[in-house]
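K.L.:
Below you will find the structure I want to go over with you.
The numbers here are math on the coordinates, done by the rules we state, and not lab data. Everything quoted here is computed from the prediction, not taken from an experiment. Note that we place each Cβ from the backbone using ideal geometry, even for glycine, and neighbour counts take in every protein chain shown.
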Amino acid sequence: MTHDTLTLTLPDEEATTRLAERFAPLLTGQAPGMGPGGRIHLHGDLGAGKTHFVRALLRACGVAGRIKSPSYALLESYKVSSLYFYHLDFYRFSDSREWVDAGFRDILQDNAVVLIEWPEKAGNLLPPPDLDLHLDYCGDGRLATLDAHSAKGTLWITTLAPSQQK
Ligand SMILES: Nc1ncnc2c1ncn2[C@@H]1O[C@H](COP(=O)(O)OP(=O)(O)OP(=O)(O)O)[C@@H](O)[C@H]1O
Ligand SMILES: [Mg+2]
């Protein structure tokens, strides 16, 4: 059975880290039947844990050294083996021409891992991702809602789902 959507309770930041660690092999192509790369849009209020998730994910994918939040630069990029990772944050993004001028669209053409915080600030400039990840405040923890928009996203969710349901 395939799954297009999944809701998970993340009681503390370690739970967010563990979810990111489970995503890593799906994005690097180490999981069976999945090529590397993919695009995730991260939604949630300020401090919901978007950057925390991306940091843990990049770390688990083998990124060494400092992982900065792209809040000011808009984009931080990394490379592990032959795979490119692009971490974007559109919170301060205001002018759609910025997007075109910066050539960010080229990033989406690549067979890369693209992780975007505040994608809604880019209006309709972004194509739908493989997966939307929503992080919502829930008591002291967070509620994660995953929604797939492609066959790849559905495969990710289906892979993540069963062990979470135990
Ligand atoms: N499941 C969780 N439960 C409780 N706290 C969490 C959880 N996951 C992450 N956190 C904490 O929430 C904070 C999230 O900060 P982070 O910078 O990742 O937020 P953000 O969503 O990227 O915000 P911004 O919109 O400002 O970029 C961190 O202090 C982190 O430790
Ligand atoms: Mg952030």
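K.L.:
Give me the number: length gained by fully extending R66 to D140, i.e. 0.36 nm times residue separation minus the C-alpha to C-alpha distance, one decimal in nm.
P.N.:
23.9 nm
K.L.:
Please give the FRET efficiency for S82 paired with L8, using the beta carbon to beta carbon distance and R0 = 30 Å, rounded to the nearest 0.05.
P.N.:
0.45
K.L.:
Evaluate the relative contact order of segment 5-164 (contact order divided by residue number), counting alpha-carbon pairs under 8 angstrom at least 6 apart; express in whole percent.
P.N.:
Relative contact order here is 32 percent.
K.L.:
Which three lengths, in whole Å and largest first, does the chain cover when its Cα atoms are put on their principal axes?
P.N.:
Principal extents (Cα only, largest first): 48, 37, 32 Å.
K.L.:
For S94 and D45 in the same chain, what is the full-extension length gain: residue separation times 0.36 nm, less their Cα-Cα distance, in nm?
P.N.:
Full-extension gain reported as 15.8 nm.
K.L.:
May I pose another question? Work out the count of Lys pairs in the chain where the Cα-Cα distance is under 24 Å, with the pair 8 or more places apart or on different chains.
P.N.:
8
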